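**Student:** This is the structure I have questions about; it appears just below.
The values are calculated or read from the model by the stated rules, or taken from the named source; none is laboratory data. Just so it is clear, the structure is predicted and the values come from calculations on it, not from any experiment. Here the Cβ positions follow ideal geometry from the backbone for every residue, glycine too, while neighbour counts run over all protein chains shown.
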Amino acid sequence: MTGGYTQSVNDAIQALYKSGVPVVVAAGNYASDACMWSPASASNAITVAGSAEGDRLYSKTNYGSCIDIFAPGHNVQGANHMCSDCYQFKSGTSFAAPLVSGAVAILLQRQPRLTPDQILYQLISLSTNNTLDTDSIPANFTSSTPNRLLFIPESCGGKLSIGLQSVIRIESPNYPLNYFKKTVCKWLITGPLNTYVRISFTNFSTEPFYDRIELYQGTSCDPNITQLATLSGKRDELAFTQCDSLSNSLLVEFRTDSLISDTGFRANILVAQTRQKQTVVVGLEESTYLVNEDEGRVKVCVAISNLHTCCPVTHNFSVTLQHTPGSATVGSDYIFDDRRSTLQFGTCDKRKCFFIGTVNNHQVETDESFTLTLVNNSFESDIELAMMSANVTILDDDVASVGLEHTDYSVEEGQEVRVCARLMTSRGSCTVSFPFSVVVNTEYGSAVSPEDYVTVSNESLSFAPCTTNVCFNITTHDDTLPEGNEEFHVILSRGPDLNSRIHLDHIMNMAVVTVLDDDGE
């Protein structure tokens, strides 16, 4: 039914949309802008235009921005009232719209809670794009008419009830050939009460990350549904190839996107009564952690290392991380929250992580460390600890520079000149927390040693921890001879134990000492 633009018709469709009813309408057969007609112009209707053989457009179909999708609308086979098995071929968008209505019914059968917006989104996502020849549309409507052709992948999945010790097989559509793109398959497998369902994948090959199997405890309509696992990629790369449900039902979902296809999967499903108890090995993922002081935190994870199924234990358990300060001290160098250091594992948990804060005190200091220890809180015999301790090293990344206090000194003959080396960067009460040294030498200028001053050769200046400056004296001689002022140089250089994070200031590493003559002429 298509007529001129009628607001009341469009309002009626809007009311159905708001009540959660998807409405599929024909675009109309006037070879004109569908937005001029009702109900094709209704903003929340699914408006269907017609295509023809050879990926052409049906010659009379409407077009434009009000179109949502195309479906076959030329020579569509349908029933004929003349007899019970008679059929006829009809053309028009009124025959394209029912095909989309059937697709909507399939989507709702698979996912009954889909909203009208979600249905349209899935129709668009599943459609085949940019294959229709749109040359028959006026040029000014080509870009606004969506080039989407209806496509619904082959149905798969279903509800399966199997008995105790029975084995069935499920596989991806088209297996062992490549599965279909843009597919969602769901299998709900149910066994007798007081049993569990085990799925074992004998073959598995999907596009990593994007095409995947999702395993759930419960049904898709269950608000308390629990995800057991997600599997994607190649079989030999999977953490496990077997999964046991926690009750007598297991929901298996296979989802693919529109890009790369692969051979998919084949799996055997068994219903059994008693789960086998197996030892689970739990431990720290790393034995050594390195973290820069200014990163703010280090992530420490505890994981099950011998995964054999998606839910490896039949009960909850916990482990506790404990810390032992070493050269690093809690509070000053790192922050450990004892309230959160107990990690609770549920039956399907495989990995838990804990964050330890680091403190940047802006001191130049040596790298510091502390120790982590893992403690098992479970009294169950099937929990075994491995990799129970780890060392955490906090890498200091602060720097400081050292130089002479002045670049020019003046002293009268016969007096001592006091020269100081100091840290050019000051951070609070303690800039460098460890001892270090620098070396001082004097060099001739117009003043010569020993006549004018006492030379300094490879003099070591030692900085104690938290010291900011170290001074020394250079003696000058009064030769009683009238002469002009003379000078010599003081050079600061690296000591053998100078840490790489303490730099020599490239400007303040040399000073000129002027010896003032006081004898006159």
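**Student:** Out of all the residues in the range 300-310, which are at pLDDT 80 or above and closer than 21 Å to ASN376 by Cβ?
**Tutor:** VAL300, CYS301, VAL302, ALA303, ILE304, SER305
**Student:** So, in the range 396-450, of the ones that are in contact with a helix residue (DSSP H, G or I) (Cβ under 8 Å, 6 or more places away or on another chain) and crowded, with 18+ Cβ neighbours inside 10 Å, which residue ends up nearest to THR468 (Cα to Cα)?
**Tutor:** ASP398
**Student:** To continue, here is another question. Has the range 203-214 got any residue that is over 31 Å from the mean Cα position of the chain (by Cα) and under 27 Å from ALA103 (Cα atoms)?
**Tutor:** No; the residues of the range 203-214 include none that is over 31 Å from the mean Cα position of the chain (by Cα) and under 27 Å from ALA103 (Cα atoms).
**Student:** Against the condition surrounded by fewer than 22 Cβ atoms within 10 Å (Cβ to Cβ) and either in contact with a helix residue (DSSP H, G or I) (Cβ under 8 Å, 6 or more places away or on another chain) or not aromatic (Phe, Trp, Tyr) (or both), how does ASN10 come out, does it pass?
**Tutor:** In short, yes.
**Student:** Return yes when PRO223 is in the same structural domain as VAL252 (by TED's automatic domain parsing) and either outside any loop (DSSP other than H, G, I, E, B) or at pLDDT 85 or above (or both) and no when it is not.
**Tutor:** no
**Student:** Checking the structure you have, find out if any residue of the range 495-509 is free of Cβ contacts under 8 Å to residues at least 12 places away in the same chain, more than 19 Å from HIS362 (Cβ to Cβ), part of a loop (DSSP other than H, G, I, E, B) and not hydrophobic (A, V, I, L, M, F, W, C).
**Tutor:** yes
**Student:** To continue, here is another question. Tell me, which strands (runs of 3 or more DSSP E) lie completely within the range 331-388 with 1 or more residues that are aromatic (Phe, Trp, Tyr), surrounded by fewer than 17 Cβ atoms within 10 Å (Cβ to Cβ) and in contact (Cβ under 8 Å) with a residue 40 or more places away in the chain?
**Tutor:** Of the strands (runs of 3 or more DSSP E) lying wholly inside the range 331-388, those with at least 1 residues that are aromatic (Phe, Trp, Tyr), surrounded by fewer than 17 Cβ atoms within 10 Å (Cβ to Cβ) and in contact (Cβ under 8 Å) with a residue 40 or more places away in the chain span 351-358.
**Student:** Take ALA49 and tell me if it is crowded, with 24+ Cβ neighbours inside 10 Å and modelled with pLDDT of 95 or more.
**Tutor:** Judged against the criteria, ALA49 is a match.
**Student:** Cβ-Cβ distance below 6 Å, separation of 6 or more or different chains: which pairs start in the range 46-60 with a residue that is over 10 Å from PHE70 (Cβ atoms) and end on one that is of a type in the set (Gly, Ala, Ser) and surrounded by fewer than 24 Cβ atoms within 10 Å (Cβ to Cβ)?
**Tutor:** Within 6 Å, the pairs are LYS60/ALA31.
**Student:** How do the helices (runs of 4 or more DSSP H) wholly within the range 82-158 filter down when requiring 2 or more residues that are in contact with a helix residue (DSSP H, G or I) (Cβ under 9 Å, 6 or more places away or on another chain): which remain?
**Tutor:** The qualifying helices (runs of 4 or more DSSP H) are 93-110, 116-126.
**Student:** Of THR431, THR476, THR480, THR455, which residue is within 23 Å of GLU368 (Cα to Cα) and among the polar types (S, T, N, Q)?
**Tutor:** THR431
**Student:** Separate question: For the range 159-179, what are the residues that are crowded, with 18+ Cβ neighbours inside 10 Å and assigned to a loop (DSSP other than H, G, I, E, B)?
**Tutor:** Within the range 159-179, SER172, PRO173, TYR179 meet the criteria.
**Student:** Next up: Here is a list of conditions, (1) touching a helix residue (DSSP H, G or I) at 6+ places or on another chain (Cβ under 9 Å); (2) surrounded by fewer than 19 Cβ atoms within 10 Å (Cβ to Cβ), and THR288 meets all of them except one; can you say which number that is?
**Tutor:** Failing condition for THR288: (1).
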